[in-house]
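Q: One structure coming up, written as structure tokens, with questions to follow.
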Amino acid sequence: MPSQPPASLVVDGPLPDQLAMGLVVIRYRAENLRIVPVYGPAALDVSPRIGHIHVTVDDAPWHWADGSGDPLIIQGLPPGPHKVLVQLADPTHKVIDSKTVDLVITTQGGHH
């Protein structure tokens, strides 16, 4: 659909106080594309354009797809540096745009 502006992904980094509790909350939005859980080649003709995201944590060999549009919530990561790759994809899983969020899970201090 050449008449539509290109789709892009906007990702906000997690908040430090949430990271200190071991909780990663990543808010994101797509521009010029609606995030919905619709997949397959027939959905390529929908206007305005639709898609979903792929999420990969720490270069894992697998990812998950999400079409909710809700913030990503990741728990259970050990303390230390991590990265979360968020990819904007069309209904056939072709990646349109991507952003990487680098973060550090800290341990809560003051407990002796």
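Q: Give me the residue from region 48-65 that is out of contact with any His (no Cβ under 8 Å at 6 or more places or on another chain) and in a loop (DSSP other than H, G, I, E, B) and, out of that set, farthest from V24 (Cα to Cα).
A: P48
Q: Looking at (1) outside any strand (DSSP E or B); (2) more than 16 Å from R34 (Cβ to Cβ), which one does K83 not meet, given that it meets all the others?
A: Unmet for K83, out of (1) outside any strand (DSSP E or B); (2) more than 16 Å from R34 (Cβ to Cβ): (1).
Q: I would also like to ask the following. Could you check region 47-65 and list, in sequence order, the residues that are surrounded by 11 or more Cβ atoms within 10 Å (Cβ to Cβ) and either among the polar types (S, T, N, Q) or in contact with a Pro (Cβ under 8 Å, 6 or more places away or on another chain) (or both)?
A: Once the filter is applied, which keeps residues that are surrounded by 11 or more Cβ atoms within 10 Å (Cβ to Cβ) and either among the polar types (S, T, N, Q) or in contact with a Pro (Cβ under 8 Å, 6 or more places away or on another chain) (or both), region 47-65 yields I50, G51, H52, T56.
Q: Go through region 4-46 residue by residue and tally those that are under 19 Å from Q87 (Cβ atoms) and surrounded by 12 or more Cβ atoms within 10 Å (Cβ to Cβ).
A: 26
Q: Taking the options L33, L44, name whichever one is over 18 Å from V104 (Cβ atoms) and touching a residue at least 60 places away in the same chain (Cβ under 8 Å).
A: Details: L44 fails: touching a residue at least 60 places away in the same chain (Cβ under 8 Å).
Going through L33, L44 in turn, the sole match is L33.
Q: While we're looking at this one, here's another question. If a residue has to be closer than 18 Å to K94 by Cβ and hydroxyl-bearing (S, T, Y) to count, how many in region 1-27 make the cut?
A: 1
A short reminder: the numbers here are calculations on the coordinates, not readings from a lab. Computed from a prediction, not measured in an experiment: that's the story for all the values here. Neighbour counts run over all protein chains shown; Cβ positions are idealised from the backbone, glycine included.
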